[in-house]
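Before I ask anything, here is the structure I am working with.
The values are calculated or read from the model by the stated rules, or taken from the named source; none is laboratory data. If you're wondering where the values come from, they're calculated on a predicted model, not measured in any experiment. Cβ coordinates were reconstructed from backbone atoms using ideal geometry, including for glycine residues, and neighbour counts include every protein chain displayed.
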Amino acid sequence: MEKIVISEGPEETMALAMDLARRLGEGEVVALVGELGTGKTTFVKGLARSFFIPEEILSPSFLLARTYRGQRILHHIDLYRVRTIEELEEVGLTALLPPEEGVTAVEWADRLPRAIPKNAVWVYFEHAGGDRRKITIRR
Ligand SMILES: Nc1ncnc2c1ncn2[C@@H]1O[C@H](COP(=O)(O)OP(=O)(O)OP(=O)(O)O)[C@@H](O)[C@H]1O
Ligand SMILES: [Mg+2]
């Protein structure tokens, strides 16, 4: 199934993520792909809002990953700086792909597609002028 949406601003991107979040089961992985500033982290903020996570979602770039707990658990991984699956294994992150508990969202998932489970939901972000983003959800 494929859904293509033009988002006119961050709130719309978050609303789209909340809509997806309601359909996600335990152990699912959301793979996010798109250039800098296209809205990947904004989308994760929408997932977090749907899970009633009280903390602010920050870019996990320096830590590689963070786990947030609300009504449900959200793991947030950023593969921007990761080159190999071995690196991911070393820091224990393959255990979150897929997670035993909660949902895992992965920014820059296309950097290491082999690390992403086969049944992941893929979300592609593209700049479409100004605040517009073309967002494609494939599952
Ligand atoms: N329609 C939109 N959807 C999402 N973000 C938008 C939109 N319009 C404007 N923005 C702005 O674009 C920026 C998107 O930043 P965000 O951190 O979500 O991108 P990212 O894809 O995670 O970038 P990075 O690759 O650096 O991690 C934010 O400042 C947000 O406010
Ligand atoms: Mg980001």
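I'd like the full set of residues that are polar (S, T, N, Q) and either over 19 Å from residue 17 (Cα atoms) or out of contact with any Phe, Trp or Tyr (no Cβ under 8 Å at 6 or more places or on another chain) (or both), limited to region 59-82.
Residues satisfying the conditions are 59, 61, 67.
Please count how many residues of region 56-115 are touching an Asp or Glu at 6+ places or on another chain (Cβ under 8 Å), of a type outside the set (S, T, N, Q) and over 17 Å from residue 25 (Cα atoms).
Residues in region 56-115 being touching an Asp or Glu at 6+ places or on another chain (Cβ under 8 Å), of a type outside the set (S, T, N, Q) and over 17 Å from residue 25 (Cα atoms): 9 in total.
List every residue pair whose Cβ atoms sit under 6 Å apart, with the two residues 6 or more apart in sequence or on different chains, where the first one lies in region 1-25 and is under 20 Å from residue 52 (Cβ atoms) and in a helix (DSSP H, G or I) and the second, anywhere, is within 16 Å of ligand 2 (Cβ to nearest atom) and at pLDDT below 95.
Qualifying pairs under 6 Å: none.
List the strands (runs of 3 or more DSSP E) that sit entirely inside region 36-139 and contain at least 2 residues that are of a type in the set (Ser, Thr, Tyr) and more than 12 Å from the chain's Cα centre (by Cα).
By residue number, 65-69.
Here's something else I'd like to know. Restricting to region 59-111, name every residue that is of a type in the set (Gly, Ala, Ser), at pLDDT 95 or above, away from ligand 1 (no atom under 12 Å from the Cβ) and under 15 Å from residue 48 (Cβ atoms).
Listed by number, the residues that qualify are 70, 102.
How many of the residues in region 29-61 are closer than 22 Å to residue 87 by Cα and more than 12 Å from ligand 2 (Cβ to nearest atom)?
Qualifying residue count, region 29-61: 3.
On to the next question. On the given criteria, is residue 47 at negative phi, near ligand 1 (Cβ under 8 Å from one of its atoms) and out of contact with any Gly (no Cβ under 9 Å at 6 or more places or on another chain)?
No: the conditions fail for residue 47.
Ok, one more. What's the total number of residues in region 113-139 that are free of Cβ contacts under 8 Å to residues at least 40 places away in the same chain and either crowded, with 19+ Cβ neighbours inside 10 Å or within 16 Å of ligand 2 (Cβ to nearest atom) (or both)?
1
Could I ask something else about it? Inspect region 3-14 for any residue being buried (at least 17 other Cβ atoms within 10 Å of the Cβ) and more than 15 Å from ligand 1 (Cβ to nearest atom) and give the result as yes or no.
no
Could you list, in sequence order, all residues of region 15-37 that are near ligand 1 (Cβ under 8 Å from one of its atoms) and either surrounded by 21 or more Cβ atoms within 10 Å (Cβ to Cβ) or aliphatic (A, V, I, L, M) (or both)?
Selection gives 32, 34, 36.
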